[in-house]
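The values are calculated or read from the model by the stated rules, or taken from the named source; none is laboratory data. These numbers come from a predicted model, not from an experiment. FYI the Cβ positions are ideal-geometry reconstructions off the backbone, even for glycines, and counts take in every protein chain you see. Please note that ligands, DNA and RNA were not included when accessible areas were found on the heavy atoms of the full protein model with its side chains. Shrake-Rupley method; radii C 1.70, N 1.55, O 1.52, S 1.80 Å.
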Amino acid sequence: MILTFNIFLNILNILIFIRVFLSYIRIDYYNPIIRLVYELTEPILSPFRRLLMNSSISKAFFVDFSPMIALLFIDCIVRPLIINLIYIIF
């Protein structure tokens, strides 16, 4: 169960990295693979983007820090929390 959860989070991290890479190159947004990457990562990135829009950090810089914050949140908070919950339950 923990292995499955780790694989899921690793795939999610890879998709976020792919999305960051795609933001630096010219892409066709109508490509089904590109759309899939955006549709899978947008629910994770949009709350962090909204949070940053209200802060002064995003107004000072023109860089989207939401992928970096989402990756940190997933690896530092979500992964340990869920793994500890799985150990407690099982």
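When residue 26 is tested against the conditions (1) closer than 30 Å to residue 85 by Cβ; (2) modelled with pLDDT under 95, the lone failure is (1).
Flag not set for residue 90, criterion: open to solvent by 60 Å² or more (accessible area, probe 1.4 Å) and without any contact (Cβ under 8 Å) to a residue 40 or more places away in the chain.
Can you work out which of the residues in the range 44-79 that are over 16 Å from the mean Cα position of the chain (by Cα) and surrounded by 10 or more Cβ atoms within 10 Å (Cβ to Cβ) is modelled with the lowest pLDDT? Don't jump to the end; show me each part of the working.
Of all residues in the range 44-79, those over 16 Å from the mean Cα position of the chain (by Cα) come to 53-62.
From the residues that got through so far, the ones that are surrounded by 10 or more Cβ atoms within 10 Å (Cβ to Cβ) too are 53, 55, 57-59, 61.
On the way: 53: 83, 55: 73, 57: 63, 58: 60, 59: 65, 61: 70.
Here the residue is 58.
When you check residue 11 against the structure, is it exposed (fewer than 14 other Cβ atoms within 10 Å of the Cβ) and modelled with pLDDT under 95, yes or no? So residue 11 does not fit the description; no.
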